[in-house]
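These notes are about the structure you will find just below.
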Amino acid sequence: MKIGLFYGSSTCYTEITAEKIRDKLKPEFEVQLHNIKEDSLKKSEEYDIVIYGISTWHFGELQEDWEDKWDTIKTLNLNDKTIALYGLGDQEGYSEWFLDAMGRLYDEIVAHNKSNFIGFWKNENYFFESSVALRENKFVGLALDEDNQYELSDNRLNLWCKQLKAEINRLHEQ
Ligand SMILES: Cc1cc2nc3c(=O)[nH]c(=O)nc-3n(C[C@H](O)[C@H](O)[C@H](O)COP(=O)(O)O)c2cc1C
């Protein structure tokens, strides 16, 4: 089964994470990577399963390529698609805005589509003041902090990819 993974990344962390997710979802899934700086978000419509990767910048702002493409999101038809999000941020340096961009992306998609979101992630072992990416104390996608918790990322990625495989199988068996 094919998955489209679309990401925006200013200093390559979200990009490197995209490559790791691609490798960890093998062999069950073939993940095609799209850097939204070059590839249109419209290509999301070609996949049944989509992963979006986004980092947060400048006190809760969107990563710049996501900022540039933001108006496209409301034009996408993502109804009935299976969608997972992951976000990168810095919970110590930007504790009041941890992963806000991931929360804003979630809200924007939900406002315009009836999609099936998977990959919600427990808020455990993070230390921050506030985040727009939380819903009932769960993150709307995988929460990664390469600035302060680099050593936890690989395990988080392994668990999350395992979770995605199980959730996709459950949804697509129905
Ligand atoms: C100037 C600057 C501002 C940042 N602002 C935030 C922020 O508001 N919230 C947050 O969670 N992370 C913030 N970060 C952390 C980045 O999101 C983090 O370093 C991330 O890994 C960058 O990913 P990228 O290189 O893929 O864009 C900021 C980092 C820098 C350098």
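Tabulated data
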quantity	calculated
Translational diffusion coefficient (Stokes-Einstein; Kirkwood radius from C-alpha pairs) of segment 2-173 at 37 °C, 0.692 mPa s, in µm²/s	208
Of Ala101, Ala111, Ala84, the one that fluctuates the most in a GNM where the chain has Cα springs shorter than 10 Å	Ala111
Solvent-accessible heavy-atom area per residue, rounded to whole Å², over segment 1-57 at 1.4 Å	46
Accessible-area composition of the chain, carbon plus sulfur, in percent [1.4 Å probe]	45
Over 23 Å (Cα to Cα) - which of Lys42/Lys162; Lys20/Lys114; Lys24/Lys114; Lys122/Lys162; Lys2/Lys138; Lys37/Lys162 fall in this group	Lys42/Lys162; Lys20/Lys114; Lys24/Lys114; Lys2/Lys138; Lys37/Lys162
Qualifying GluC sites (Glu not before Pro) for segment 19-72 [loop in DSSP, other Cβ within 10 Å: at most 11]	Glu38
Label zone at Lys74, where the point sits 7 Å out along the Cα-to-Cβ direction: segment 101-138 residues whose backbone N lies under 17 Å	104-114
At most 13 other Cβ within 10 Å, DSSP loop - trypsin sites (Lys or Arg not before Pro), segment 13-112	Lys74
Extension reserve of the Glu173-Glu124 stretch, reckoned as 0.36 nm per residue once the Cα distance is removed	14.6 nm
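The values are calculated or read from the model by the stated rules, or taken from the named source; none is laboratory data. Because the structure is predicted, anything quoted here is derived from the model rather than measured. Every residue, glycine as well, gets a Cβ built from its backbone with ideal geometry; the counts of neighbours run over all protein chains shown. Just so you know, the surface numbers come from the protein's heavy atoms only, side chains and all, with ligands and any DNA or RNA stripped out. Shrake-Rupley method; radii C 1.70, N 1.55, O 1.52, S 1.80 Å.
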